[in-house]
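Heads up: the structure comes next, in structure tokens.
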Amino acid sequence: MTETQPTIPGGTDLEKLVNRSRMLGADKTLVVHGGGNTSSKTRERDHLGRERDVLRVKGSGTDLKTIGADGFPGLYLDELLPLREREAMSDEDMVAYLARCMVEPGSRNPSIETLLHAFLRARHVDHTHADAICVLTNTPEGQRHVHAALGDDVAIVPYSRPGFGLARDVAQLAGSSAVVLAWHGLVTWGDTHEESYQRTINLVQRAEAYLAQFPASAPVVREDLSQEQVEALLLELRGILSRDGRRILHVDRSQRAIADRNDIDAVAARRGTPDHMLRIGTKSLPLHDLSRVAEEIAAFEEKYLGYVARHQHLLPAGLNAMSSLPRIILVPGLGVVATGPDAKTTKMNAEISARSHSVTARALDAFGAVDWLSEDEVFAFDYWPLELRKLQTAPSPRPLSGHVVLLGGADNGYAPHVAQRLAADGAHLVLIGSDAAQLEQVQSALPAGISLVAGSYPVAEAIRAFGGLDVLVALAPVEGTVLANFTVAMHRQGLDGVLVGVRSGEETALRDVSELAGVRRNDVAIADDADPSLVAESIAFLASSRSSGTRGVTLPVG
Ligand SMILES: [Zn+2]
């Protein structure tokens with residue numbers, strides 16, 4: 001132990017494993033959003049009271065940054081180790097086998113990389129997708145750079161998709177001090193938690209020190225896009241990217257330097273580690289000409305469909321091609337525009353793309369050339385049946401998933417009920433009103449990150465925060481300029497919009513609104529003693545496509 005080596009807190013192995021994992025997960029340059037996995041081998045009593053060796057390994061669908069003890073399913077090691085004698089095993093057989101070795105029946109599925117952890121004899125194993133390591137491997141002479149940076153006692157495994165074969169390959173290199181997985185990441189181990197953790201940190205530091213000797217390319221700075229250009233771009237993009245369902249957009253200005261580079265085509269064409277492809281697709285779209293957005297997306301889609309067609313024979317039975325639309329767009333003068341079905345996923349996608357783009361850009365800077373998986377390997381990962389099955393079993397989107405709703409009169413009495421009901425349907429909300437305290441209260445009851453309290457320009461604020469808008473609900477009269485801007489924005493997106501107004505007596509909150517092309521308008525008439533939850537339900541119905549055939553009606557409530 002060196003003096004700088006931190007002690008990992010915790011009274012038990014499981015507590016230390018949780019803390020070790022969170023320490024790795026806290027550093028985005030090591031892993032992001034579900035990437036990587038960790039494990040410890042412990043002694044536990046089974047249901048018959050026998051002491052047995054148990055592998056505690058990261059469960060599928062967990063995140064190292066936030067993982068807790070329940071994120072580590074246990075597997076009986078004496079049942080896993082006989083698999084070392086096998087020559088090969090399919091993903092399906094492996095998953096079925098692992099399910100029979102669980103300590104707690106019904107616990108979450110263990111990581112697909114479970115056997116890699118089981119086959120290494122060391123008590124503690126850490127696997128990360130460290131940026132600095134991927135920079136070393138994602139270049140034509142990767143092997144030479146890995147040894148020059150990390151030493152000859154670190155072994156390199158050629159690329160293969162995670163599973164039984166990779167676990168066997170790594171196990172054969174247990175005599176080395178660590179293993180680098182080509183185009184993928186790093187595996188370290190140790191007899192103590194600290195040893196395994198520190199090994200990762202030390203190797204990453206060595207990789208960084210090695211890379212620091214290569215001069216970075218001179219930064220290119222392009223002219224800033226104006227606010228008007230950004231808003232127009234977001235509306236146009238959102239209209240096109242919402243073809244398969246409404247999308248939330250997020251602008252990541254932290255990637256401005258990457259987006260301004262001369263070689264964005266090369267940066268956009270690869271990922272830092274294959275895992276990223278599952279979230280952000282195989283490639284980003286480098287946008288070259290703001291006046292040809294639709295054409296550039298069409299060309300991107302044509303290339304994607306060509307790639308799918310070339311590998312059609314490898315497409316597992318019963319699976320269709322995924323959407324050909326880009327999920328990440330590099331925009332010179334701005335940064336990155338990321339898309340997703342909700343604000344949280346969209347921001348995650350932006351962060352994942354930042355890692356991928358940075359790894360590729362750094363490899364280009366240091367070595368002048370990048371190397372990446374063959375197209376066959378990309379396809380085998382992109383259409384990995386094991387991962388696609390997870391998508392197929394995912395719940396279907398909510399009625400207002402990816403929708404942005406302007407809520408006028410968000411400070412009135414019905415607003416808390418309406419806002420929460422719309423949010424439950426998946427809506428993102430822009431709250432308009434004058435009573436700041438009341439607006440804040442409405443917002444505080446909503447899930448984090450899906451709403452904003454509007455200032456003077458609600459439509460522009462909606463575009464900047466979420467990429468566009470879909471619905472205007474007026475619980476109270478809304479300013480004419482807001483209505484006018486809403487209409488213009490809907491037109492620019494080329495998407496159908498919805499207006500819902502509240503009527504009490506002869507008064508309507510949507511005065512002077514005539515029939516607008518592409519905008520469906522209905523009202524609710526609220527009786528004095530109406531139950532607020534029924535008001536909210538009626539508005540949610542009229543705001544969503546569940547009422548798509550309904551226009552020009554007034555729905556009485558109460
Ligand atoms: Zn991995």
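What follows draws every value from the coordinates through simple rules; no lab data is involved. Just so it is clear, the structure is predicted and the values come from calculations on it, not from any experiment. Please note: Cβ atoms are built from the backbone with ideal geometry, for glycine as well, and neighbour counts cover all protein chains shown.
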For labels at A445 and A171 in the simple 7 Å Cα→Cβ model, what's the distance in nm? 5.6 nm
With only helices counted (DSSP H, runs n ≥ 4, each -39500 (n - 2.57)), the per-residue ellipticity at 222 nm for the chain, to the nearest 500, works out to -11500 deg cm²/dmol
Select from the stretch 84-124 those trypsin sites (Lys or Arg not before Pro) which occupy a DSSP coil region and have at most 10 other Cβ atoms within 10 Å, ordered by residue number. R100
Footprinting proxy, I156, I432: sorted fewest to most Cβ within 10 Å, the residues are I156, I432
Pulled fully out, how much extra length does the chain show between H288 and A218, if you take 0.36 nm times their separation in residues and subtract their Cα-Cα distance? 23.2 nm
With a/c under 1.5 counting as rounded, go ahead and sort the chain into rounded, prolate or oblate using the C-alpha gyration tensor (a ≥ b ≥ c being the square roots of the eigenvalues; past the cut-off, prolate if a/b is larger than b/c, else oblate). prolate
The stretch 17-155, dipole about Cα centre (Lys/Arg Cβ +1, Asp/Glu Cβ -1), debye to the nearest 20: 480 debye
At the level of C-alpha centres, the distance separating the stretch 257-306 and the stretch 375-428, in angstrom, is 24 Å
What trypsin sites (Lys or Arg not before Pro) in the stretch 454-558 are in a loop by DSSP, with at most 13 other Cβ atoms within 10 Å of the Cβ? R511
Residue by residue, what Karplus-based ³J(HN,Hα) values in Hz, rounded to whole numbers, does the stretch 80-87 have, using 6.51, -1.76 and 1.60 with θ = phi - 60° and x for Gly and Pro? 7, 5, x, 5, 4, 7, 6, 8
Going by Cα centres, the stretch 45-82 and the stretch 457-520 are how many Å apart? 53 Å
Which value in nm describes the separation of the simple spin-label points at T192 and M322, placed 7 Å from the Cα toward the beta carbon? 4.2 nm
Relative to the Cα centre, what is the charge dipole magnitude of the chain, using +1 at the beta carbon of each Lys and Arg, -1 at the beta carbon of each Asp and Glu, and rounding to the nearest 20 debye? 660 debye
Extension length gain for H47 and S107 (0.36 nm per residue less Cα distance), in nm, is 20.1 nm
Please list, in chain and number order, the residues 5+ apart from G467 or on another chain whose amide H is under 5 Å from its amide H, with Hs placed from the backbone. L249
Charges on Cβ only, +1 for Lys and Arg, -1 for Asp and Glu, centred on the Cα centroid of the stretch 358-512; of V473, A484, N412, which one is farthest towards the dipole's positive end? N412
By Cβ neighbour count within 10 Å, fewest first, D78, D425, D131 rank D78, D425, D131
Unit charges at the beta carbon, dipole of the stretch 110-247: most positive-side option, V230, Q198, G163: G163
Taking amide hydrogens as modeled 1.01 Å from N in the peptide plane, which residues meet the under 5 Å criterion relative to I328, leaving out close sequence neighbours? L285
At what distance in nm do the modelled label points of Y457 and L315 sit from each other, each positioned 7 Å from its Cα along Cα→Cβ? 4.4 nm
Using Cα atoms only, what is the angle between the long axis of helix 343-367 and the major principal axis of the chain, expressed in degrees (0 to 90) to the nearest 10? 50 degrees
C-alpha long axis of helix 480-493 to longest principal axis of the chain, angle in °: 50 degrees
Subtract the Cα-Cα distance of E507 and A232 from 0.36 nm times their separation in residues, and report this length gain in nm to one decimal. 95.5 nm
With θ taken as phi - 60° and the coefficients 6.51, -1.76 and 1.60, list the Karplus ³J(HN,Hα) couplings across the stretch 63-71 in order, rounded to whole Hz; mark glycine and proline as x. 10, 4, 5, 10, 4, x, 4, 6, x
Rounded to the nearest 10 degrees, what's the angle between the helix 13-25 long axis and the longest principal axis of the chain, both from Cα atoms, 0 to 90? 60 degrees
